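The values are calculated or read from the model by the stated rules, or taken from the named source; none is laboratory data. Remember, predicted model here, so these are calculated numbers, not experimental data. Glycine gets a Cβ as well: all are built from the backbone with ideal geometry, and neighbour counts include every protein chain shown.
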Amino acid sequence: MLNFETKFCSEPVAGRNEGPGPLINLAVFILTAVALLSSTLPVSAQAPVEEISIERALEMFYQNNYDLLISRYEIEKSYADYVGTKLFPNPTLSVNKTGMDLNNHLTNNENTQDTIRLDQLIELGGKRGLRQNAAAETLEAARLTHRDTARTLLIGFYTLYFNLYQDSLSRDLALQEIGRFGRILDIAGKRHNAGFLSLNDYTKLKLSAIDLENSLTSVENQLRNNSESFALLLGNPGPLLPVKMAPLTAFDTVSENEMLEIAYKNRYDLLSLERQIGAAGHNLALAKAMRIPDVTLGVEWERFYPNYDPGLGVGLSLPLPLFNRNQGEILRKTAEQKQLEIQMVKVKRLIVAEIRQAINNYATSVRIFQSYQTRKPEMDELLMRTEKSFALGGITVLELLDTQKTYREFNVKYNQALAQSNLSRELIKLYTGTIK
């Protein structure tokens, strides 16, 4: 923290510029006290932040992410449908007793007949096989869709990760600025006591320290909020902060054709649609096969009173497709297949657009970062020279504050460009379907 020394003077000191007076001194004291108290008060609601590596974060993401866990049950439901298609229809058992005498308390007579019948549906036209093939394709499509859900969620994962990385850099920058400014205040205090710096300029420096403290407070608040969002994404009960990595500062160019070639092979939404179209083809064939009537085969055992002589019978029944030949279902399945084919065309075009946009964003972010990277040594040298000049009395307080503000804004943009360029590089991989 910064240590401020405030002296109250009611009379001018010989050899110094006349200060602004006791009211200004009082205002400086109040603002300084507020800044010190606000920076030292404990925040009991803050939870401890756990640091984890990016590898561990990805492992937690795949294990605990709520949306992934929810999506995984779509695979279970599709598997249940697939299991159902492999089962045979249940037989039907019927038991009948006819011809009883109602006037004699339900007694048997010469017209009484007992019948036990067992019927089994036999599907024709390959319906069972087509149903299984459609369910198998749907199951594989569900697995691929689950992987694409993970790919989509990873976009948010890496975005939050690099936001946290940028927040960490901003916090480090704010702490460095506070430490550097503390040394400047020490020098300013000595110059003020020696009569080479007016109380007015000395007061401006002290007030500028409050902005640095507030900036640090804002950055730490944003860091805590983003770490909580990151923990939610990973399904962790407490806030998380990735361990600082060594980001890339040198970037390679990427080829659109190469990225598209990879995407057409790896994009799970495209592969899932291919499976869905395959399932739609089997469903259409199944709808057409439903025009072939299924046969119900029955076996019957019966006996007649009063001799109770048993007998066996065999029956066969089938619907006659005279009016309903499943025309409506065939039209529906045909429309569903064509709809998926158009959706396939859209997804392919969407992949092209996403790859091009990702490459454009990557190239732009790299150019922006490299422009800041080229000027960073110059800005570091400028700040060092400015602080030395102020210590020797070669520049004014306003010039010092202006240079420090410029340096601070430059480094904020430098950190943003560094995080964005690394994020853009990871997003290109995700848009090609390459996930860890």
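General observations
- Look at the stretch 296-309: where a residue is loosely packed, with under 13 Cβ neighbours inside 10 Å and a partner is modelled with pLDDT of 75 or more, sitting 6+ places away or on another chain with Cβ atoms under 7 Å, you get D309/R303.
- Matching residues in the stretch 46-68 - criterion: being in contact (Cβ under 8 Å) with a residue 60 or more places away in the chain and part of a helix (DSSP H, G or I): I54, A57, L58, M60, F61, Y62, Q63, N64, Y66, D67, L68
- Residue in the stretch 120-132 that is at pLDDT 95 or above, crowded, with 17+ Cβ neighbours inside 10 Å and within 30 Å of Y431 (Cα to Cα) present: no
- Qualifying residue in the stretch 143-163 (condition: of a type outside the set (K, R), in contact with a strand residue (DSSP E or B) (Cβ under 6 Å, 6 or more places away or on another chain) and assigned to a helix (DSSP H, G or I)): yes
- Of the residues N422, N411, N415, the single one that is over 19 Å from E177 (Cβ atoms) and of a type outside the set (F, W, Y) is N422.
- Among the residues making up the stretch 284-299, those that are closer than 12 Å to L316 by Cα and in contact with a Ser or Thr (Cβ under 9 Å, 6 or more places away or on another chain) are V295, T296, L297, G298.
- As a summary of the residue check, K405 satisfies the conditions (1) crowded, with 19+ Cβ neighbours inside 10 Å; (2) closer than 21 Å to S208 by Cα except for the one numbered (1).
Yes or no, residue by residue, for (1) modelled with pLDDT of 85 or more; (2) among the charged types (D, E, K, R); (3) surrounded by fewer than 17 Cβ atoms within 10 Å (Cβ to Cβ):
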residue: R191; (1), (2), (3): yes, yes, no
residue: L205; (1), (2), (3): yes, no, no
residue: L216; (1), (2), (3): yes, no, no
residue: E228; (1), (2), (3): yes, yes, yes
residue: G235; (1), (2), (3): yes, no, yes
residue: P242; (1), (2), (3): no, no, no
residue: A250; (1), (2), (3): no, no, yes
residue: A263; (1), (2), (3): yes, no, no
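- Hey, P319 in a loop (DSSP other than H, G, I, E, B), exposed (fewer than 12 other Cβ atoms within 10 Å of the Cβ) and not hydrophobic (A, V, I, L, M, F, W, C) or not: yes
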